[in-house]
Amino acid sequence: MWARGLRDFFEYRELGIQAATGGQFKAHVLRVRTEETGERADASGLHTTGLHTHALGFQMIYILKGWIKFIYHVENDGNTRVEEHLFGPGDCCLQPPAILHNELECSEDLELLEVTSPAHYETQAATQK
């Protein structure tokens, strides 16, 4: 069963991992809601989240169908560089805890598997950068 979740333009199908692990993990499939495709997307035609971080220990995505583009603010020795990554079918990404990132856009047929730990976590919008 598909349901609404963190992002309005996605719908989510829970896979039962949260209950099976007592909330230690969550696994769900995300896809773009039918109502958000085509002319219903924002004015730029993109589905974007804005820069944000998640307070969690583990976050992995695996692309099942379509594509998604992210930017990451990567910290190294006090310096920050911005990296853009495009993920397609079969690609897997382990997002480091608390990394500043933004989902820039995705295909209308995007479907991805996301696994997080813990199951419930805070998402914080970036105030600068």
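Numerical summary
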| quantity | calculated |
| --- | --- |
| One residue from Ala43, Ala27, Ala55 being modelled with pLDDT under 95, closer than 17 Å to Leu6 by Cα and either surrounded by fewer than 15 Cβ atoms within 10 Å (Cβ to Cβ) or not aromatic (Phe, Trp, Tyr) (or both) | Ala55 |
| Filter result (among the hydroxyl-bearing types (Ser, Thr, Tyr) and modelled with pLDDT under 90) within segment 80-129 | Thr123, Thr127 |
| Hits in segment 1-14 - residues which are in contact (Cβ under 8 Å) with a residue 24 or more places away in the chain, among the hydrophobic types (A, V, I, L, M, F, W, C) and more than 18 Å from Trp67 (Cα to Cα) | Trp2, Leu6 |
| Any chance Thr116 is in a loop (DSSP other than H, G, I, E, B), crowded, with 16+ Cβ neighbours inside 10 Å and in contact (Cβ under 8 Å) with a residue 40 or more places away in the chain | no |
| Identity of the residue in segment 92-129, acidic (Asp, Glu) and in contact with a His (Cβ under 8 Å, 6 or more places away or on another chain), that ends up nearest to Gln18 (Cα to Cα) | Glu114 |
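The values are calculated or read from the model by the stated rules, or taken from the named source; none is laboratory data. Since we're looking at a predicted model, the values are computed, not measured. Using ideal geometry, Cβ is built from the backbone for each residue, glycine included, and neighbour counts are taken over all protein chains shown.
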